[in-house]
Structures are given as C-alpha cells and as structure tokens.
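Accompanying notes for the structure given below.
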Amino acid sequence: MSDTQTSPLATARQLVSDMQQQADGALKTKLDELDRLLITAQRLGEGQDAPALRQTVEDIISQNAKFVSVMVHEIRVPMTSIRGYSDMLAKNVVGELNEMQQQFVEIVRSNVIRMEHLVSDISDISKLSSGRMRPDAKMDMYKNIAMQVEKDTRSLAEEHNHILTFDTPSGLPLLNLDSARLAQVLQKLVTNALQYTPDGGEITVRAQGGDGTLKVSVIDTGIGMTAEEQTHIGELFWRADSELVRSFKGHGLGLPIAIGFIDLLGGEFFYESEPDKGSTFGFIVPAAS
C-alpha cells in the first residue's frame, strides 16, 4: 500500500490530526498514541499483501483498545476518590462550609461528573470500534426504561423551562435486549433535545409498537440542522457550529455512541431535521419473539 492521501491509513491519520487540534489532556494523549500506531501501520503496510496488512491493522486496533482500557481504569480510580470526598464536603460531613467554599466544592463536583461522563463515553467508543462490546440481553419492558430516563432528565428540562412529555402507551411489545444500552441511547437523545432547544421548548418522547418492533422518536422544537450538518451525524467529535450548541460543554460522542449501540442491538437509527423547526431522532429495535 502506498502512502498517499487517498489511502485509508493516510485518511485516518488526517482525521486524528484534526481531532488532536481540538483535544487536550487524557484525550490528546490517546490520540497521540493512536497516531503513532497509524504511522507504524503505514510503514509496515508498504509491500505487504492484503492478509498481512489486515492482521497488522487488527493488531493496532487491539493494542489501542487495551491502551484505552488501561487509561480509563487509571483515570476512574482517582476520579472516584475526588467525587466521594467532594460529595462529603458538599453535605457538610466534615463541618459547615461558608458560601464561597460551597461554590468551590460544587465546581469540583460538576467537573468531576463531566469527566466521568467523558471517560465512560471514550470507553464505550473504544469497545464499539474494537468489537469488544457484547450486549447483555434480558427480558424487559420499555416503560421501565422510559421511566428511568424521564427521572434522570427531568431536572435538566425544568432548568430550561421545557415541557418534557413521555408518550408511552399501554400494550407495547416486550423487549429481549440489552436494556441498559437502550437506556443510554434514549438518555443521550433526550439530553441532546433538551440542550439544543431554546428555553421554553417542547420535547416529546413517543413510543410505538408494531410488526414485531418498538419505535421510539424524540421530537423537539429546537434549532434543527441543515442538510450539510446532517451529513456529519455519527461523526466522532463533530459538533454543529451554533451558539446554542457551543454553550453546552460536549465532545461530539453522544450520537456516535447511540448509533453504535443501536447497531449492536440489531436495530435501526433514524432522524429528520429542519433548521429552526426542530428535529426528530429515534430508533427501531426488534421486540421479543
């Protein structure tokens, strides 16, 4: 394989380079390591036949997945400690805090929570990319998933004066899939809708059953997306160039993870959007036979 701009490895290196310019900290370290592995693959790939090159790439993916796994574990250990101690300080377990001290502790807590979400997302993306994630299927009802997601997102809706409605009719089909992963998908879609809808909007989570499937649509009255922006849906680290989008801290991993999980569950991801008229993001998953 020649080292040209049209080769897959050269394209991958360019994507990594673009992401490196936007990343920092642990994420940049990961991208630097990935770039080094891609350089190795390019050098080893010159003159190799397809099976040998394929094995080289598989080895790189495996090595990168192991690196991310170790990195995630090493970051989670101190974060758990920081989160625990900051929680105790916030609850005045070791004594009363003054107003400024309380504000400082809340800043620490909010940033640790943000880091926890980022590390979890990086771990999920790595497992999906390397094929190491395996669904844990079990019988469950969609309404249980919807109730948990509604509970977890209600405060965000109230913070922005949104009307959040979960339309969950009776008689929906029983599910036999990894309900924890499906809950993550729904939470990411609802959170996106809540964040990218101007204050005072409406978000409806509508579930429908039929033909051995469950269809869930998250409908918002938000800013919507242009046709060009929609071509980036599912692209790692991509975020729309909108003032409202940029006002929320994020890393462009939510939709890629949601799409990856739906693929893992044997489902179908769909979306519709129009600028200034809102968006619909959703999925169709198989019901229990």
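Being under 12 Å from the mean Cα position of the chain (by Cα) and part of a loop (DSSP other than H, G, I, E, B): is that true of Gly234 here? Considered against the rule, which asks whether it is under 12 Å from the mean Cα position of the chain (by Cα) and part of a loop (DSSP other than H, G, I, E, B), Gly234 comes out as yes.
Each residue in segment 259-289 was checked for being among the hydrophobic types (A, V, I, L, M, F, W, C), closer than 19 Å to Gln208 by Cα and not in a loop (DSSP other than H, G, I, E, B), and 7 pass. In segment 108-128, the condition of being of a type outside the set (Lys, Arg), more than 24 Å from Lys188 (Cβ to Cβ) and outside any loop (DSSP other than H, G, I, E, B) is met by at least one residue.
Taking segment 273-285 as the range and being surrounded by fewer than 20 Cβ atoms within 10 Å (Cβ to Cβ) and at pLDDT below 95 as the test, the residues that pass are Ser273, Glu274, Pro275, Asp276, Lys277.
Table: residues versus (1) touching a residue at least 40 places away in the same chain (Cβ under 8 Å); (2) more than 22 Å from Thr168 (Cα to Cα).
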| residue | (1), (2) |
| --- | --- |
| Ile219 | yes, no |
| Ile223 | yes, yes |
| Thr231 | no, yes |
| Phe237 | yes, yes |
| Asp241 | no, yes |
| Glu274 | yes, yes |
| Ser279 | yes, no |
| Phe283 | yes, no |
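Of all the criteria given as (1) buried (at least 17 other Cβ atoms within 10 Å of the Cβ); (2) over 20 Å from the mean Cα position of the chain (by Cα); (3) not assigned by TED's automatic domain parsing to the domain that holds Gly260; (4) not aliphatic (A, V, I, L, M), the one not satisfied by Tyr142 is (3). On the stretch given as segment 208-232, residues that are under 23 Å from Gly267 (Cα atoms) and surrounded by fewer than 20 Cβ atoms within 10 Å (Cβ to Cβ) total 12. Within segment 244-257, if we keep just the residues that are under 18 Å from Gly224 (Cβ atoms) and hydrophobic (A, V, I, L, M, F, W, C), the residue that is nearest to the chain's Cα centre (by Cα) turns out to be Leu255.
Within segment 202-247, the set of residues being hydrophobic (A, V, I, L, M, F, W, C) and over 29 Å from Lys143 (Cβ atoms) comprises Ile223, Met225, Ala227, Leu236, Phe237, Trp238, Ala240, Leu244, Val245. Of the residues making up segment 157-207, those that are within 19 Å of Met133 (Cβ to Cβ) and surrounded by fewer than 18 Cβ atoms within 10 Å (Cβ to Cβ) are Asn176, Ala180. Taking (1) closer than 19 Å to Leu214 by Cβ; (2) assigned to a loop (DSSP other than H, G, I, E, B) in turn, Asn176 satisfies each apart from (2).
The values are calculated or read from the model by the stated rules, or taken from the named source; none is laboratory data. Since the structure is predicted, the reported quantities are computational estimates derived from the model, not experimental observations. Because the Cβ atoms are built from the backbone with ideal geometry, glycine has one as well, and the counts that use them run over all protein chains shown.
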